[in-house]
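Below: the structure, in structure tokens.
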């Protein structure tokens, strides 16, 4: 059931949610599970492969409204960015 999504809203992180476990806008994530979030009136939540929430108290998923489905263009841009970063890391620094 895995599918790819793009974060479109990373605003308003709950105060008790660890910064290092929070999502980033324009990043691509893999949804590995869809669940109903009881505390949010049964809204749909996404469990993401890339972020382990097992140590985060009171949170098991991210609200689905924070994401949109990833497109082929999103994946191509993601791969292109990764290639550019890799190339930049291989350029020797000038003294």
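All of the numbers you see were taken from the coordinates with simple rules; none came from a lab. Values in this document were obtained by computation on a predicted structure and should not be read as measured data. Cβ atoms come from the backbone with ideal geometry, glycine included; neighbour counts cover every protein chain shown.
Output the 0 to 90 degree angle, nearest 10, between the alpha-carbon long axis of helix 72-90 and the longest principal axis computed from the alpha carbons of the chain. Relative to the chain, helix 72-90 is tipped by roughly 50 degrees.
Stretching residue 19 away from residue 77 to a fully extended chain increases their span by 18.3 nm, per 0.36 nm per residue minus the current alpha-carbon distance.
Contact order for the chain, expressed relative to its length and based on alpha carbon pairs under 8 Å spaced 6+ residues apart, stands at 28 percent.
Put in line by how crowded their Cβ is, counting other Cβ atoms within 10 Å and starting with the fewest, 30, 71 read 71, 30. Approximating the spin labels as points 7 Å out from Cα along Cα→Cβ, the residue 38-to-residue 58 distance works out to 1.5 nm.
Computed per residue of the chain from DSSP H runs no shorter than four, each worth -39500 (n - 2.57), the mean residue ellipticity at 222 nm is -7000 deg cm²/dmol. Tell me the label only: which of (1) 15.0; (2) 18.8; (3) 17.1 is Kirkwood radius over Cα pairs in Å as calculated from this structure? Of the listed options (1) 15.0; (2) 18.8; (3) 17.1, (1) comes from this structure. Mean-square fluctuations from a GNM of the chain, with a 10 angstrom spring cutoff on Cα atoms, peak among 26, 83, 50 at 83.
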